[in-house]
Amino acid sequence: MKIRKMDRRTFLKGTGVAMALPFFENMGPLPAKAVGAAAKTSGTGSPMRMVCIGNPLGLMPDSFFPKGEGANYELSDLLRPIGRHRKDFTIFSNLDHDISGGHSAVHAFLSGIKDQDASDWPEGNISVDQRAAEFVGTRTRYSSLVMSTGDGDGDLKCKLSWTRNGVNVPPVTRARDLFKALFVQDDPRLLAKHKSAYDINESILDVVNSQAKMLSRQLGKADQEKLDEYLNSVRELERKLGMSREWLHKPKPKVDIGEPGEGDLTYTVPAFYDLLALALETDSTRVATLGVPGNVNTADLGLVGSYHGFSHHGKAEKLRQGLFVIEKFQVEQMGRFLDKLKTIKEPDGQSLLDRTMVLIGSGMGNGSSHSNKNLPLLLAGGGFKHGEHKVYPTENHKRVPLCNLYGSILQRFGLEIDQFNKGSGTLTGLETA
């Protein structure tokens, strides 16, 4: 029997599930490898966490990057408000993804790969947080939390998180919705709906397995291997569905805070950080991203003008001063978050900051010139040896890919990988304490 050519975007869809068939030789390009490693904890039993914080407009280079390097660097104006954490963070200079495009390239911050180039890479343009989320699986209620302090518009959105299928994960944009997802028990009728969806999805997977068995008899050896990879991913999804079903009946943690309301930037950002700290403390998730979009209202910071407008300062001092106010607020709130993580103790005696890698940065190196080079990057916590400004080579043939840092972060998280996306390995000079 002749097998007809299948469109490469053939999907089997059901309620809450979309399964992509593997790309066999009679379809075109090779498939991405299946995943499914189980999440690990540290040797002491306390799990590692990862938090990535970003905005689409960057941080002014001359305000962010310190003078000097190593441990004796001079704190920059933008880092001075978090100087109390100096021994808990590292600043990196001259790391980027070697891409260009200004606003249209910012979305590659956590992946290193533009979405239009995803098909050229084995794991697509998966972002570092979602690679970690795959690793965690359903050990926690939410494999990851993707949040933004506002909706954003166009390239001013915070498109931080990407799946290996090239899908941008939509963020939760209201603190109230995040609170309900984390700490408010679902209505019984909603639980029944979720259970019904799981039943339907499991039935669909049964059909997938049945069709795959029939298809396997018509494939050559190379395609058989690809089908095996695909079936492994199906089995992993079956396992996740089973474990996710268990979360339906597990009570959510109780916390001593009320449901947040709605407000402007100075209310929303602290509210998201407070909820994020609780989500990590209660082990509701171990992976999270938080973005501040580029169109936020700056009036409650005492400014007249848009965040985006200030970023295009063209070295005009008045606009630079306004932008500094916006960026300083973001850094201060991140510092407050680090304060909170430091005060929370793990069962093994370590602080939550010791077990949480916190990355802050952007895919924009200079918002005024639209440069995607030399990205502003700060990594705190996670048990690394901190307290330095690490400066990497600027010569083209010696440049170090930012994805090397992500490779180190993922290894610290527990993944057994040699490199991540466009990386050439892990980052030299970054060691654990």
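The sole residue among LEU341, LEU278, LEU248 that is under 24 Å from ARG80 (Cβ atoms) and of a type outside the set (Phe, Trp, Tyr) is LEU341.
Summed over the range 357-397, residues that are assigned to a loop (DSSP other than H, G, I, E, B) and either closer than 24 Å to ALA433 by Cα or of a type in the set (Gly, Ala, Ser) (or both) total 13. Identify, please: which residue in the range 89-148 is acidic (Asp, Glu) and over 17 Å from the mean Cα position of the chain (by Cα) and is, among those, nearest to ASP62 (Cα to Cα)? Result: ASP98. For the range 335-366, the candidate set comprises residues that are in contact with a His (Cβ under 7 Å, 6 or more places away or on another chain) and farther than 19 Å from VAL128 by Cβ; within that set, the residue that is surrounded by the most Cβ atoms within 10 Å (Cβ to Cβ) is LEU338. On the stretch given as the range 142-189, residues that are among the polar types (S, T, N, Q) and open to solvent by 50 Å² or more (accessible area, probe 1.4 Å) total 2.
Among the residues making up the range 76-98, a single one is open to solvent by 30 Å² or more (accessible area, probe 1.4 Å) and farther than 20 Å from MET334 by Cα: ASP98. The residue list GLY349, GLY382 contains one member that is at pLDDT 95 or above and either polar (S, T, N, Q) or closer than 24 Å to PRO47 by Cβ (or both), which is GLY382.
The values are calculated or read from the model by the stated rules, or taken from the named source; none is laboratory data. Bear in mind the structure is a predicted one, so any value in this text is a computation, not a measurement. Reconstructed Cβ throughout: ideal geometry from the backbone, glycine too, with neighbour counts over all protein chains shown. For the accessible areas, the whole protein counts, side chains as well, though only heavy atoms, and no ligand, DNA or RNA atoms are used. Shrake-Rupley method; radii C 1.70, N 1.55, O 1.52, S 1.80 Å.
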